[in-house]
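Okay, so here's the structure we're looking at.
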Amino acid sequence: MFKDADIKTIHKCVAVRHALTAQRLGVDAVSMDGFECAGHPGEDDITGLILLAKSARKLNIPFIASGGIGDGRGLAAALALGAEGINMGTRFLCTKEAPIHEAIKQKMVEADERSTALVYRPFRNTARIFKNKVAVEVNEIERTKENLKFEDIAELVSGTRGKQVFVKGDPDLGIWTAGQVLGLIDDIPTCHQLVTRMIDEAEMIISQRLRNMIA
């Protein structure tokens, strides 16, 4: 149906085996999301360095690198590993244009790569979120509650509460997704500044640093 309408499809995958299935079903490209990513990284815990390299070996369609990328080094690395481009979520949240409360952007700047938590693991629906008071409480319930049901944490992880984080600027109002790329965020640029800077960094690394290694 999509192809008949000349619509290009990009499918998110967290495992090469899933990407191969998507390729067989006819998608135009896939976004390969490493374990570092915000949101749902799957249940295999495979980081980007392995995931991207294996994708380059196994796939015949273009793939985009996602998870843990926030600067020109990450862009250059993704291209070197075979990706046609990159996808960023957490990094773009921390830009001037992002429609979230400035206090949350500042909280992200102050955070580091250890500032995330994994929830929903008992339900095999793992999600990486910002490590705040609610995340700690959810993890404790997941660890100690006998006969755990999703209803035991449902109120804590509700989307309504999470939305209020971005509206009111209180990082502990609910859960909100964030990736380990937090460790690479130390400013709040415009989107144009961020993208331009990343491209310049990547070009410098590829044309100068890497070139000098084989000169």
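At-a-glance table
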| item | result |
| --- | --- |
| Output for the stretch 157-174, where each listed residue is among the aliphatic types (A, V, I, L, M) and either in contact with a helix residue (DSSP H, G or I) (Cβ under 7 Å, 6 or more places away or on another chain) or not assigned by the TED database to the domain that holds residue 132 (or both) | 157, 165, 173 |
| Filtered residue count, the stretch 120-170, keeping only those that are surrounded by 15 or more Cβ atoms within 10 Å (Cβ to Cβ), out of contact with any Pro (no Cβ under 9 Å at 6 or more places or on another chain) and of a type in the set (Gly, Ala, Ser) | 3 |
| Matching residues in the stretch 47-70 - criterion: being surrounded by fewer than 19 Cβ atoms within 10 Å (Cβ to Cβ) and outside any helix (DSSP H, G or I) | 47, 60, 61, 62 |
| Strands (runs of 3 or more DSSP E) wholly inside the stretch 83-149 containing at least 2 residues that are among the hydrophobic types (A, V, I, L, M, F, W, C) and touching a residue at least 60 places away in the same chain (Cβ under 8 Å) | 127-130 |
| Matching residues in the stretch 9-46 - criterion: being small (Gly, Ala, Ser), under 14 Å from residue 179 (Cα atoms) and part of a strand (DSSP E or B) | 39 |
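The values are calculated or read from the model by the stated rules, or taken from the named source; none is laboratory data. Since this is a predicted model, take the numbers as computed values, not measurements. Because the Cβ atoms are built from the backbone with ideal geometry, glycine has one as well, and the counts that use them run over all protein chains shown.
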